[in-house]
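Step one of this worksheet: look at the structure below.
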Amino acid sequence: MLNQFSRTQLLLGRDGMDKLSAARVAVFGIGGVGGYVCEALVRSGVGRFDLIDDDKVCLTNINRQIIATRKTVGKYKAEVMAERMKEINPDVDIRIHKCFFLPENEDEFPFEEYDYIVDAVDTVTAKLALVMKAQEMHIPIISCMGAGNKLDPTAFRVADIYDTKMCPLAKVMRIECRKRKVKKLKVVYSEEKPTRPIEDMSISCRTHCICPPGAQHKCTERRDIPGSTAFVPSVAGLIIAGEVVKDICKT
């Protein structure tokens, strides 16, 4: 019967669509990368999600985040994403976690129910905690490396963490994963040399923070505030979604 996923089924087959529909994917971080992951996965027929993010949409998110509009500024990203996904597929099962993932609260998440984990968070601490939990629970995981300060969307690659180069975040992750005896980790990373952002304090969040009231993590807490574009994190997110779909369909 013709339905909204018919064109996808022409490529993945009925068995592939059934696997996607039954899968529960946990997306940690609903920002410039994670938002496009969710968008592509729900349009691909993934039927169940956990969305994890404690942040609210900020005016400065509008340049790159698919959920960020003038109407959504100040709203929780996970809630806005869930509403958008429901408009795409009213039958999708979505659980929202309005919190930031850390080793201290990992027991609050039903990892035993996850078929796949997407790491689209910004901090090394959270990334490593996710990687270790996924390894412990034998859950497939894909981790996004740095997408900030980049201008070339064609420079992204899919690789094992130990085969990455150029990306500063990937370098830190390689070192830390090796310390923890992580044998392998699928990542999406860019081979583009990061661009140094212009130092213009008149448009810097450092001195002109406009984070919504009640935001748990303000941009002023960051050591460096990266520049970003609409066409780099979105590509990273779409590549990740493609890998998730392929891996789920292969199982």
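Values in this text are rule-based calculations from the coordinates and carry no lab data. No experiment lies behind these values; they were computed from the predicted model shown. Here Cβ is always computed from backbone atoms with ideal geometry, including for glycine, and neighbour counts include all displayed protein chains.
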*Could you order peptides 183-193, 46-56 by the average number of other Cβ atoms within 10 Å of their residues, highest first?*
46-56, 183-193
_About the Cα centre, and with charges only on the beta carbon of Lys, Arg (+1) and Asp, Glu (-1), how big is the dipole of region 11-250? Nearest 20 debye, please._
640 debye
*Using a/c under 1.5 as the rounded threshold, could you call region 55-159 rounded, prolate or oblate? The axes a ≥ b ≥ c are square roots of the C-alpha gyration tensor eigenvalues, and prolate needs a/b larger than b/c, oblate otherwise.*
oblate
*Dipole moment magnitude, nearest 20 debye, region 16-67 about Cα centre, only Lys, Arg, Asp, Glu C-beta charged*: 160 debye
*Pairs Lys71/Lys150; Lys77/Lys250; Lys150/Lys179; Lys19/Lys86; Lys183/Lys250: which exceed 25 Å Cα-Cα?*
Lys71/Lys150; Lys77/Lys250; Lys150/Lys179
*How high is the relative contact order of region 5-106, given as a whole-number percent (alpha carbon pairs under 8 Å, six or more residues apart)?*
28 percent
*asked:* Can you order the peptides 155-162, 20-27 by their average number of other Cβ atoms within 10 Å per residue, highest first?
replied: 20-27, 155-162
*Helix-only CD estimate at 222 nm, as mean residue ellipticity for the chain, using -39500 (n - 2.57) per DSSP H run (n ≥ 4)*: -11000 deg cm²/dmol
_Relative contact order (%) - criterion: Cα under 8 Å, at least six apart; region: the chain_ = 24 percent
*What is the distance, in nm, between label points placed 7 Å from the Cα along the Cα-to-Cβ direction at Glu113 and at Asp163?*
3.5 nm
*Please give the contour-minus-distance gain from Phe5 to Asp93: 0.36 nm per residue of separation, less the Cα-Cα distance, rounded to one decimal in nm.*
30.0 nm
*Where both residues lie in the chain, what percent of DSSP beta bridges are antiparallel, nearest 5?*
25 percent
*So for the pair Lys250, Met137, with labels modelled 7 Å out along Cα→Cβ, what separation do we get in nm?*
2.2 nm
